[in-house]
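Below is one structure, written out as structure tokens, with a few remarks after it.
The values are calculated or read from the model by the stated rules, or taken from the named source; none is laboratory data. The structure displayed is predicted, hence computed values, not measured ones. Ideal geometry is used to build each Cβ from the backbone, glycine not excepted, and the neighbour counts take in all protein chains shown.
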Amino acid sequence: MESIYPAVFRLQHSAGSNGYAVLDGDRAALVDPGLPVGGDAVLKELRGARLLDRVTDVLVTHADIDHLGAAAALQEATGATVWLGRADAEIVEGKREPSTRFRRLLAHRKAPRVTGPLELLDGGEEPFPRLRAVATPGHTPGHMAFTFEEVVFAGDAVRGTKDGLRLMPGLLTSDPREAEQSLTVIAGLGARWLCPGHGRIRELRGA
């Protein structure tokens, strides 16, 4: 694992999206463990780092398979609680239809079902010590960012570029208006480090 901030690490073997680990004492949380195909590699990486037995929580920014996909395998191996935005959980469970034609097509590629503890997020919760959920809908209806001290785990709500924060491509956006509002929310958090779902980790402001 790559250390990127005190108690925050980037997984080296998650597939499809960037995955992260956050430590607190004898506990660990994972953020966005990635595609199902990468689940075994993540488990091996955590064993090698002697963290697997410490994982108590898996935080998922949104329900796209490249972020949620490995959560079921991690939960089965650790007994961890999975945390997911309520509106995205409703889509996964078939209670809510994706809002665009392209996203309805994406929904046919389903992540392995989480059968253990699943906690739903609306924003404002602290699912892990010092880790706060921030509602950032737009990319998906139930998208969540997570803040930890000076770090924001932004999922696909924004992407960092050398010119600042940008939205993901419009084709992947459920609601452009909400996405713009969420970009403003993330920019206003005052975080120093942006840990995105895809691409490089970026420093948002000076020390």
Which one of these does SER3 not meet: (1) touching a Phe, Trp or Tyr at 6+ places or on another chain (Cβ under 6 Å); (2) under 22 Å from LEU121 (Cα atoms); (3) among the small types (Gly, Ala, Ser)?
-> (2)
Note on LEU46: of the conditions (1) surrounded by 15 or more Cβ atoms within 10 Å (Cβ to Cβ); (2) at pLDDT below 95; (3) farther than 15 Å from ARG130 by Cβ, unmet is (2)
Would you check if SER3 is surrounded by fewer than 16 Cβ atoms within 10 Å (Cβ to Cβ) and among the polar types (S, T, N, Q)?
-> yes
Sort through PRO176, PRO127 and tell me the only one that's out of contact with any Lys or Arg (no Cβ under 9 Å at 6 or more places or on another chain) and closer than 18 Å to PHE102 by Cα.
-> PRO176
For the range 153-169, name all the residues that are among the β-branched types (Val, Ile, Thr) and under 19 Å from ASP66 (Cα atoms).
-> VAL158
The residue from LEU35, LEU68, LEU59, LEU74 that alone is within 17 Å of the chain's Cα centre (by Cα) and touching a residue at least 60 places away in the same chain (Cβ under 8 Å) is LEU59
